[in-house]
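A quick write-up on the structure given underneath.
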Amino acid sequence: MTIPSSDTARTSPSTARNREPILSVLRGALAPTARVLEVASGAGEHAVWMAQALPGVTWTPSEIDPVALASIAAWREASGLVNLQAPLRLDAGDPGSWPTESFDAIVCINMVHISPWTATRALVLAASRLLSVGGLLYLYGPYFEDGVETAASNLAFDESLRRRDPAWGLRRVRDVADLAAQAGFSRPDRVAMPANNLSLLFTRAPD
């Protein structure tokens, strides 16, 4: 993966740690020519990594932060990938901010716990509109699970997030699954990931 020379390109250590496990899950879940919208793309490193590894997939990153949007654009320019689209300005919590075209999959990595619950609700509702039957909603991050002991690191992370913003924090898988079910999605396929994270894969069910 070509590292941009531009000063606007940012990097995240967590991306280097989780990009290959996430790719492994998505490789088995996405159609070879899927159209993917990535929500809250951050610096843009995931977008480049996935588009490079999945050349038949059209990957559209998005962000609300202008600094992040500039970083995504710098990574995209350095990559030269024809299947990586220009980043969209998207406020996940604003229903009017979402694109109108349809996608085969919506991918959201590490946003649900670093945003208000209203953003997750808007994400799920938008996915129900933009995905056709069989479409994939993929969520990655740390969660609380009923009947599963929470790792001490996740408990500490949750406390630190809530100190930064009381509206943030780890969500319960049950609550996210119930929200998705109300919006027309299947119960999630759960995949355990490194560092006490989860991949949750929801499929758009028939109306």
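The values are calculated or read from the model by the stated rules, or taken from the named source; none is laboratory data. Here the structure is a predicted model, which is why all the values come from computation and not from measurement. Glycine also receives a Cβ, built like all others from the backbone with ideal geometry; neighbour counts cover every protein chain displayed. Quick note on the areas: whole protein, heavy atoms, side chains included, nothing else; ligands and nucleic acids left out. Shrake-Rupley method; radii C 1.70, N 1.55, O 1.52, S 1.80 Å.
Worth pointing out:
- Identification of helices (runs of 4 or more DSSP H) wholly contained in the range 1-80 with 2 or more residues that are in contact with a Gly (Cβ under 7 Å, 6 or more places away or on another chain), touching a residue at least 12 places away in the same chain (Cβ under 8 Å) and buried (at least 17 other Cβ atoms within 10 Å of the Cβ) yields 66-79.
- Which listed residue is closer than 21 Å to A43 by Cα, open to solvent by 30 Å² or more (accessible area, probe 1.4 Å) and modelled with pLDDT of 95 or more, from P116, P142, P166, P188: P116
- First in the range 100-116 and in contact (Cβ under 8 Å) with a residue 40 or more places away in the chain, second anywhere and of a type in the set (V, I, T), Cβ under 6 Å, 6 or more apart: A105/V36; V107/V36; C108/V39; V112/T120
- The range 176-204: number of residues that are polar (S, T, N, Q) and farther than 24 Å from N154 by Cβ: 3
- Only residues that are modelled with pLDDT of 95 or more, among the hydroxyl-bearing types (S, T, Y) and part of a strand (DSSP E or B) were counted in the range 119-139, giving 1.
- Filter pass, L161 being open to solvent by less than 10 Å² (accessible area, probe 1.4 Å), touching a Phe, Trp or Tyr at 6+ places or on another chain (Cβ under 9 Å) and farther than 28 Å from A31 by Cβ: yes
- Among the residues making up the range 169-182, those that are open to solvent by 40 Å² or more (accessible area, probe 1.4 Å) and either touching a residue at least 24 places away in the same chain (Cβ under 8 Å) or within 13 Å of V112 (Cβ to Cβ) (or both) are R172, R174, D175.
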